[in-house]
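Here is the structure we will look at.
Every number in this text was worked out from the coordinates using simple rules, so none of it is lab data. Since the structure is predicted, the reported quantities are computational estimates derived from the model, not experimental observations. Backbone-built Cβ (ideal geometry, glycine too); neighbour counts: all protein chains shown.
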Amino acid sequence: MVWRSVLFSLPVEMVVLRAGLCPGLTEDMIQLLRANGIRTVVDFVSSDLEDVAQKCSLSYKALVAVRRVLLAQFSAFPANGADLYEELKSSTAILPTGSPSLDQLLDSGLYTGEVTELMGAPGSGKTQVCLGIAASVSLGLKQHVLFLDSTGGFTASRLYQILQAQTEDEEEQLEALQRIQVVRVFHIYEVLSALQELRDRLSQQVLSSTGPLKMVLLDSVSAVIYPLLGGRQSEGLALMMQLSRELKTLAREFSLAVVVTNQVTRDSSTGPLKPALGRSWSFVPSTRVLLESKEGSWEKGTSHRAASLAKSPRQPTGIQVQLDIGNGDVLEPSLVTPTQGL
Amino acid sequence: VCSLFVRVGPCLLARLEGRSSLKNLEPYLFAEEGSPVHGDVIEFHGTEGTGKTEMLYHLIARCVIPKAEGGLGVEVMFVDTDYHFDMLRLVTILENRLAQGTEEMIKQCLGRLFLVSCSSSTQLLLTLYSLENLFCAHPSLCVLLLDSLSAFYWIDRSNGGESLTLQEMNLKKCANFLEKLVTQHHLILFATTQTLMQKSANSAESFLPLKLPHETDTDYRPYLCKSWQQMVTHRVFFSKQCNSGNSKGFTVVSCHLKRNQIVKRSFSVAECGVQF
């Protein structure tokens, strides 16, 4: 799957037939096909080859052979379930979030290969939880983290504080900081660009100086998508779906855990809280956690939050845990748990 | 022309001989007894979190578990357009359903499952073309699951510019080819479509000649191309029950479109998957 995206980085819709695209596709053939309105791979593959053979005076057998090769090159290849399971068993990891109660909510932690969403009102602690996750993965697992900050809410000093609470070794703290790459993104194209750069880096990874990367955090997705919605509806939604595709394929292809934060909204003043960005977005994450301030906690500076599971592929929804997003809850990080047939 | 017939002939014969009845696949999903039959096209429609994907896992489990263990022992093809398929969840379901959930047994079941992921509507089209050979080579591969058909809707709409024809072109070709695959290879197709839009207050548009009663209370607004709408034989609407008192958390309203028969059933989702 990985090599395919590197070699054929052009979307398949745009691939025009040209000589040498595949064995058997000669310049003469191309000219004859073009004269009959067949320009792209899709045109060729969708055509009735008997018809084409007659109109272009080309060998039917030759056309069938070319079609077979083109399909092999541009279509997705089916995998067998047993093989895929073997692959996933060895490549899937569960990353601890740095908060044992949150890990419990997520059935041990953040699963690689998936997109997890943290939703909550402003001030509910989404950025704090993201910082905690980054610290946990970087310090505890010694894995690299990409933090895409679209709100300006990332503070290095707060991250350092969290690291200091976990280890006293200054060298370890520094190394952990160095493994977290922060990119400030304020526009959808900057996000897509950063993800493309990550993809290129990961694809070429043989002996990479950046080290193994397991986590991508996007805080927040609503900040870059909101400006696109409303107005020419479908274009904004198309960009949003393109972003969601990018996040999901990265997670799958490179076994990363992707975490995104989102705002909340409600249908009416008494309706339940739901994630912002509409229905199309709601299908994207596999897991969704709602962060809320605890009821009645009007005192300033309280760090207590309630996290509830709103969507999960493996746990019943509705379960709730208490979190302390201050220093208190950041306990000893646990080791990666590779999954062995759940 | 002669060689074409020779090519298709043995494949079709093998398929007819190897065809087994799938009417025990999941009777609760259908308004009519004896469903589904080969050639049926069933659409699962609903908003997020209503159990469509869980139902697909349930169908996969029903198919791949061998007859000795109560399943159908047939092969399944799963086309994933959302990168949504969760193998580990499927394994958990299989472990819970098999009398002996050993690694060997699980792998044997999974060996009957084929998976393919598509990243665009064009790639979906090309992949469907290339899958034709697979169906020929595997006569017991008679169930095709597609999750979801609406994944490319906004991207296609944006790429098609102002022209509705261009916007729908890829999906229309996919729908037409799917129909051809289903008919020629005697398959049963289950496809999910997501409720992407809110139903408008006065929906004058109706792609069906009669306004079926289910359309007024479910949040259904047809938005995919006509070619798809017309090939669907059964439409199953999924919804989640809000009242916590009810132990069965999900509902399906299943409609047999040609016979205008409707049935409503409830199910819950446990560790072993869907339970009616």
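In a DSSP loop and with at most 15 other Cβ atoms within 10 Å, the GluC sites (Glu not before Pro) in segment A:94-178 are A:E168. Report the paramagnetic label zone for B:T183: residues of segment B:21-45 whose backbone N is under 19 Å from a point 7 Å from Cα along the Cα-to-Cβ axis. Backbone N within reach: B:37-43. At the listed q of 0.13 Å⁻¹, the Debye profile of segment A:12-74, built from one uniform point per Cα, gives log10 I(q)/I(0) equal to -0.27.
Kindly work out what percent of the DSSP beta bridges joining two residues of segment A:91-324 are antiparallel, to the nearest 5. Given both bridge residues lie in segment A:91-324, the antiparallel proportion sits at roughly 40 percent. Between A:K294 and A:S308, full extension at 0.36 nm per residue minus the direct alpha carbon distance yields a gain of 3.9 nm. Residues of segment A:32-74 with an amide N closer than 11 Å to a point placed 7 Å from the Cα of A:T26 along the Cα-to-Cβ direction: A:59. Using only alpha-carbon positions in segment A:65-118, the gyration tensor eigenvalues give semi-axes of 38, 13, 7 Å once each is multiplied by 5 and square-rooted (largest first). Set the Cα radius of gyration of segment A:186-281 against 2.2 N^0.38 Å, with N its number of residues, and you get 1.24. Stokes-Einstein diffusion of segment A:91-324 at 20 °C, 1.002 mPa s viscosity, Kirkwood radius from Cα pairs, rounded to a whole number: 118 µm²/s. Beyond a 31 Å Cα-Cα separation, which of these cross-linked pairs lie in this structure: A:K61/B:K67; A:K61/B:K180; B:K180/B:K240; A:K248/B:K172; A:K89/A:K142; A:K274/B:K23? Over 31 Å apart, Cα to Cα: A:K61/B:K67; B:K180/B:K240; A:K274/B:K23. D by Stokes-Einstein for segment B:51-119, Kirkwood Rh over Cα pairs, 25 °C, 0.890 mPa s: 202 µm²/s. Legend: calculated FRET efficiency, B:K226 to B:K107, from the Cβ-Cβ distance at R0 = 45 Å, rounded to 0.05, equals 0.60.
Its relative contact order, with pairs defined as Cα atoms under 8 Å and 6+ residues apart, puts segment A:91-324 at 29 percent. Loop sites by DSSP among the trypsin sites (Lys or Arg not before Pro) of chain A, restricted to those with at most 16 other Cβ atoms within 10 angstrom, leave A:40-141 as the longest stretch without any of them. Ranking of A:C56, B:C174 by neighbouring Cβ atoms within 10 Å, starting from the fewest: A:C56, B:C174. For segment B:154-161, putting each phi into the Karplus relation 6.51 cos²θ - 1.76 cosθ + 1.60 with θ = phi - 60° gives couplings of 6, 5, 5, 5, 5, 5, x, x Hz, in residue order, rounded to whole numbers and with x for Gly and Pro.
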